[in-house]
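What follows is a set of notes on a single structure, which appears directly below.
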Amino acid sequence: MSLLAIVEEALVNQLGIKKVRRDEEEQTIQFTVGVNHTDVRVHCRLLTEPDMLAISCYFDVKIPEARRSEILEYAMRRSLRFKYGNDMIYDDGYIHYTYHFIQGQVLDPGLVANMIDAGIRTTDAAFPGVMAILFGGKTAEELFAEEDEKRRKGSN
């Protein structure tokens with residue numbers, strides 16, 4: 001089964017997502033899903049050399065140049081707190097949470113669905129912090145201090 005077929009099966013049978021755009025020429029599948037804070041866009045693409053599947057999740061907010069370093073610091077520090085790995089790509093004014101699978105790894109629709117779901121949830125969870133930096137005048141440092149304080153109070 002091809003990687004794109006595994007992705008499609010994961011989307012339809014595991015996540016219940018029926019409306020996707022598949023581009024055979026570009027070897028991509030794209031869709032948008034509404035979650036708690038925002039709509040998350042998901043882009044699945046087959047890459048070559050090495051053959052791999054990249055799953056990228058992002059929200060449609062282009063980060064103004066003046067706030068990019070603060071947003072990038074926030075996104076990088078958030079990614080360090082995740083229990084699973086991801087890469088962050090920041091080349092077009094958007095923050096992408098991206099997972100890569102090398103062809104030949106044992107991939108099944110359940111695993112791919114879990115990784116897509118984790119990417120969607122991760123992206124959605126970052127949205128309030130990004131908005132607080134862009135429009136609330138917060139810094140990444142302030143957001144993490146607030147988060148740590150809430151965690152301390154919650155554990156008492």
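Provide the gained length on full extension for the span residue 125 to residue 32, in nm with one decimal, where the gain is 0.36 nm per separating residue minus the Cα-Cα distance.
Working: separation 93, 0.36 × 93 = 33.48 nm, distance 1.59 nm.
Difference between extended and current length: 31.9 nm.
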* Asked: Which angle between 0 and 90 degrees, to the nearest 10, do you get for helix 109-136 versus the longest principal axis of the chain when only C-alpha atoms count?
  -> 30
* With a sphere of radius 15 Å drawn around the Cβ of residue 113, what net charge do the other residues whose Cβ falls strictly inside it have (Lys, Arg +1; Asp, Glu -1)? -> -2
* residue 144-residue 111 FRET efficiency (beta carbon distance; Förster radius 30 Å; 0.05 resolution) -> 0.45
* **Amide N of the stretch 108-124 lying under 17 Å from the label point, which is placed 7 angstrom from the Cα of residue 51 along Cα→Cβ** => 108-109
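Please give the length that would be gained between residue 12 and residue 68 if that part of the chain were fully extended, namely 0.36 nm times their separation in residues minus their C-alpha to C-alpha distance (nm, one decimal).
Working: separation 56, 0.36 × 56 = 20.16 nm, distance 3.54 nm.
Difference between extended and current length: 16.6 nm.
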* Structure fact -> Computed over the chain: longest principal axis from alpha-carbon atoms vs helix 140-155 long axis, angle to nearest 10 degrees, is 90
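Can you give the net charge of the other residues whose Cβ lies under 13 Å from the Cβ of residue 127, counting K and R as +1 and D and E as -1? Write out the running numbers ahead of the final one.
Working: positive: 41, 78, 121; negative: 39, 60, 124.
Taking every other residue near residue 127 into account, the sum is 0.
Grab the beta carbon distance between residue 43 and residue 134, set R0 = 25 Å, and tell me the FRET efficiency rounded to 0.05. Could you put the intermediate results ahead of the total?
Values: r = 22 Å, r/R0 = 0.90.
Calculated value: 0.65.
Read-outs: derived from the displayed coordinates by stated rules, not from any lab. None of the values given here were measured: they were computed from a predicted structure. Glycine also receives a Cβ, built like all others from the backbone with ideal geometry; neighbour counts cover every protein chain displayed.
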